[in-house]
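Read-outs: derived from the displayed coordinates by stated rules, not from any lab. None of the values given here were measured: they were computed from a predicted structure. As a convention, Cβ positions derive from the backbone with ideal geometry for all residues, glycine included, and neighbour counts pool all protein chains shown.
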Amino acid sequence: MSLSGKWKAIMVVLVAVVVVAGGGALWYYGYYTKTPEYTVRMIEEASGAHDLVKFERYVDVRKISERAGDEFLEGIMDSDRAMTDEARSAVSNFASIFKASVSKSFEDAMREYVRAGEWGGLSPDAQLILDKAGLYQAEPHGVDGLEKNAEDGKATLGLRLYQKEAADEFVLKICLAKGQDGIWRAEEIANFREFISFVMKARKEQVRLYLKTTEDILRVHEDKISAADKKLVDILHSGSMGDMNVRRQMRAVMAEEILPDWQLRRSELEKIDPPTAAQTLHRLRLRICDMRISYAIRYAEWLETKKAGDIQEANEILKEARTLEQEAETMTHRMVRGMM
């Protein structure tokens, strides 16, 4: 081949490369950048790089948050099966007052999570909303596919979340729509209401398990305390409080049966890790144990010393313990009704 022929061949190759490269660029900028697949990729890149500006180019944070606020409130009401339609309507009207605040909390949380990669730095109100929604206890487990809907021209991205309270995964369905500029953007979580119901159901199950476990513990101890109390009554009926032998027998029951049983009850309850919804009740039950232990000690001391100060202090402790027991019973009944 002559020199001129070689140059012609080289020019042909160069032209071909330019054409192919140009075609690739045309495909990339003219088509691929305006697909939902590209948007998903950009969202992942923006999240990984904590690039909020880039993230908001492909995610309509405000629109998602406004819709999530509605879905959150509806999901909370869904969890209350006992709520009538009339009550639901009244609560819904009342809740609408807080919708803007709830939506703003989700909006702030999304931006903070992209900026910092975690939920920190939020206001107390936003933290409360995220906790109530179950998002604090959720972590992403990857993408669960991308589907296009020919009917409405939208696309749906599945995002797998592992919710620790439920010990299970939930797939959030994130809707993407094509804008007038041809860019696809995420603009709604289609099943956020279902996610809230999913979390509420898991929490109810945790509370149900807590109540069942503690009920079994308390029943065993109540039977023992009832038997010990009967012993005290029988001993007292056999004589009088002025009888040293009667007092000695009563002190033995108090120090060797009632006191150890309350201490053991507290120890067993302390080993239980209560769900968030039952923490107040659990602390109350531990406090009752402490009061009953103090009462048993003071009463046993009085049976030995006969000091008026000891029995007066013991009676004050017993009065407080019984008040707390009434509160715990009311709280337990309320939680049981909430399980229905």
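A few remarks follow.
- Fully extended contour minus Cα-Cα distance, from His333 to Arg283, at 0.36 nm per residue: 16.4 nm
- Cross-link partners for Lys230 among the aspartates and glutamates, with Cα-Cα distance under 16 Å and sequence neighbours closer than 8 places in the same chain left out: Glu222, Glu256, Glu257, Asp261.
- Cα-based equivalent ellipsoid, the range 202-338: semi-axes from gyration tensor eigenvalues, Å: 33, 14, 12
- Whole-Å distance, taken between Cα centres, linking the range 273-325 and the range 130-161: 50
- Here the range 116-224 was treated as a single set of alpha-carbon atoms; its pair distances binned every 5 Å from 0 give 2, 10, 14, 16, 15, 12, 10, 7, 4, 3, 2, 1, 1, 1, 0, 0 percent.
- Translational diffusion coefficient (Stokes-Einstein; Kirkwood radius from C-alpha pairs) of the range 31-190 at 25 °C, 0.890 mPa s, in µm²/s: 146
- Here the extension length gained between Ser267 and Leu232 equals 10.1 nm, from 0.36 nm per residue of separation less the Cα-Cα distance.
- Gain on full stretching of the segment that runs from Lys164 to Gln326 - 0.36 nm per residue minus C-alpha separation: 55.0 nm
- Annotation: peptides 298-307, 269-278, ranked by per-residue average of other Cβ atoms within 10 Å with the highest first, follow the order 298-307, 269-278.
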